[in-house]
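Read the structure below first, then the notes.
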Amino acid sequence: MTRTALPLDPAPGITELGSQLRDRTTTPLQLVASCLARIEAIDGDVGAFTWLDPTAMDQADALGRELEAGRSRGPLHGIPIGIKELFDVVGAPTTYGSLVLPGVPAELDAELVRRLRESGAVVIGTTRSHEFGWGITTQHASRGSTRNPWDLDRVPGGSSGGSAAAVAAGMIPLAVASDTGGSIRIPSAFCGVAGIKPSYGRISKAGAVSLAPSFDTPGVIAPRVRDLLDALLAASGVDPNDPATVIAELDPFTREDVERMNDAARPPLSLAGIRVGYSPQLLELTSATDRVGDFLASLTAAGELGAELVELALPPAGDFRRAFAVIQMADAVTVHRDVLATYPTRAQDYGMDIRSRLEAASDVDVSALLGALAQARRLHAALLSGLQGVDVLLSPISTVPPPLCSDPDNVQIDGSSIPLREAVMGLTTPQNLTGLPTVAFPFGLSADGLPVGIQATAAKGGELMALRVAAQLEVLPVPPIRPDEGELPWPR
């Protein structure tokens with residue numbers, strides 16, 4: 001029997017909370033206390049957090065005194081955030097979602113965390129990841145799992161499942177996440193929130209454990225699209241400790257960019273002059289009919305706002321996934337064998353799913369890797385060619401609902417069991433294979449009562465265009481709040 005969904009109370013976004021802080025109608029201490037109360041009340045059911053920072057109230061107190069003295073560090077000043085446990089946070093155990101490592105407390109923040117602190121964010125704690133980020137369910141047989149706040153019997157997606165679930169359930173208004181093959185977008189879609197996978201090299205990976213260095217991309221998750229850009233602005237920039245940021249050649253964001261983005265998200269909405277591409281080839285996967293219809297409805301909505309819809313002939317989704325999988329496996333087994341030095345010596349301590357993937361990855365030979373790299377170049381060229389004629393590409397994130405926790409790796413479609421990875425990752429890996437920026441945005445609820453997620457992909461460095469389109473198309477899912485729950489601790 002399906003368990004009742006949690007009373008999801010959409011958290012105010014960064015814009016609203018920032019106004020409350022500046023108007024002194026709330027304080028960083030009050031915001032952090034509300035988050036901690038919400039976490040205490042419901043995270044026993046959700047399992048979004050793995051560690052709470054004992055200094056959070058002290059951080060908030062210090063930032064509150066800065067505001068009282070007339071000093072503001074910007075829109076994130078006093079905003080509570082969660083950090084995906086793949087990123088080092090001072091004092092937090094460095095287990096990276098696994099039982100393989102002893103969990104020695106980190107002595108330094110990851111560069112992304114350091115920049116967010118400098119911008120005034122308050123670190124509440126670390127959010128649960130799939131083990132080492134290599135999975136899309138955020139389930140672990142013995143270490144603990146995260147559940148989807150919309151239906152506690154279902155997975156939240158992964159690997160950033162803890163971040164997405166924490167935001168969706170109103171525990172925090174912002175969370176750090178990362179995306180190697182869909183790990184920001186899949187949980188954002190399953191949990192009904194917004195997330196951004198920036199251009200590869202936009203945000204430093206320094207201080208984070210790697211899954212596949214060729215693809216790993218830090219990003220953020222928030223309740224709605226307009227809340228993403230302030231965090232992206234704070235976190236982005238060249239870091240000499242991450243060569244990808246040095247060679248990315250990406251134009252920096254400015255405060256004016258944020259203001260224009262916020263203006264575009266306010267009525268009257270218009271996508272006049274915007275060319276929106278879509279590709280039937282990216283739907284050549286096992287699909288639930290209702291969810292394909294939901295995606296087509298997003299195209300209709302774009303057209304109604306004045307966008308020109310352009311059909312693109314792109315390679316089939318499965319081609320992207322197959323090339324990606326070979327390169328990712330070669331990357332991942334190298335990390336665990338040569339960098340972490342935990343495989344195969346600690347093979348028995350990995351979760352069964354990760355151990356089986358490492359075993360399979362050990363069989364990838366040079367010829368298979370070279371073939372996948374050559375295919376990736378061809379696919380990259382085809383996708384870039386298609387994007388030259390449009391401003392964004394709209395595509396589904398998943399055309400299947402989140403699976404049940406009792407069978408997390410499979411989904412049931414028309415009475416048949418389909419592996420979740422085969423049903424989803426062909427839709428999410430094209431952007432990782434090419435390093436392109438992608439914004440996941442909620443598009444209401446499907447017929448099954450669960451959230452729908454769509455993604456807007458732009459050319460390299462085109463985050464602002466993807467954000468602009470996503471902000472105008474998003475439809476926040478209305479949560480099923482139970483009337484017997486009473487007042488919730490999150491500030492209105």
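Every read-out reported here was derived from the displayed coordinates using simple, explicitly stated rules and does not represent laboratory data. Source: prediction; values computed, not measured. Positions of Cβ are backbone-derived with ideal geometry, glycine not excepted, and every protein chain shown enters the neighbour counts.
Details
- For the chain, the 222 nm mean residue ellipticity estimated from helices alone, with every DSSP H stretch of n ≥ 4 adding -39500 (n - 2.57) and the total spread over all residues, rounds to -11500 deg cm²/dmol.
- Sequence of HIS380, HIS140 once ranked by neighbouring C-beta atoms within 10 Å, starting from the fewest: HIS380, HIS140
- Helices meeting the span-like rule in the chain (full DSSP H runs, Cα extent of at least 20 Å along the helix axis, mean Kyte-Doolittle score of -1.0 or higher): 28-46, 289-304, 317-334, 366-387, 420-434.
- Pairs of alpha carbons in the chain separated by more than 42 Å make up 9% of all such pairs.
- Computed on the Cα trace of region 228-286, the radius of gyration divided by the Kirkwood hydrodynamic radius gives Rg/Rh = 1.12.
- From least to most packed, judged by other beta carbons within 10 angstrom and beginning with the fewest, MET57, MET261, MET171 follow the order MET57, MET261, MET171.
- Of GLY201, VAL339, THR399, farthest towards positive along the dipole that unit charges on Lys, Arg, Asp, Glu beta carbons give the chain: GLY201
- Length released on extending from GLU259 to THR15, taking residue separation times 0.36 nm less the Cα-Cα span: 86.7 nm
- Taking the number of Cβ atoms within 10 Å of each Cβ as an exposure proxy, the fewest-first ranking of GLU131, GLU118, GLU85 is GLU118, GLU131, GLU85.
- Relative protection proxy for 236-242, 470-476, 342-348, 175-181, from highest mean packing down: 175-181, 470-476, 236-242, 342-348 (other beta-carbon atoms within 10 angstrom).
- Charging the Cβ of each Asp and Glu at -1 and of each Lys and Arg at +1, and nothing else, the dipole of region 334-492 about its Cα centre rounds to 600 debye.
- For the chain, a simple Cβ point-charge model (Lys and Arg +1, Asp and Glu -1, everything else neutral) yields a dipole of about 360 debye relative to the Cα centre.
- Difference of contour (0.36 nm per residue) and Cα-Cα distance, ALA141 to THR55: 27.9 nm
- Whole-number percent relative contact order across region 296-444, with pairs defined as alpha carbons under 8 Å at least 6 apart: 28 percent
- Region 14-481: antiparallel DSSP beta bridges as a percent of all, rounded to 5: 70 percent
- Point-to-point label distance, LEU269-ASP363, nm (Cα→Cβ direction, 7 Å offset): 4.7 nm
- Sorting the segments 211-223, 17-29, 366-378 by their mean number of nearby beta carbons within 10 angstrom, highest to lowest, gives 211-223, 17-29, 366-378.
- Simple Cβ-charge dipole of region 31-117, Lys/Arg +1 and Asp/Glu -1, about Cα centre, in debye nearest 20: 320 debye
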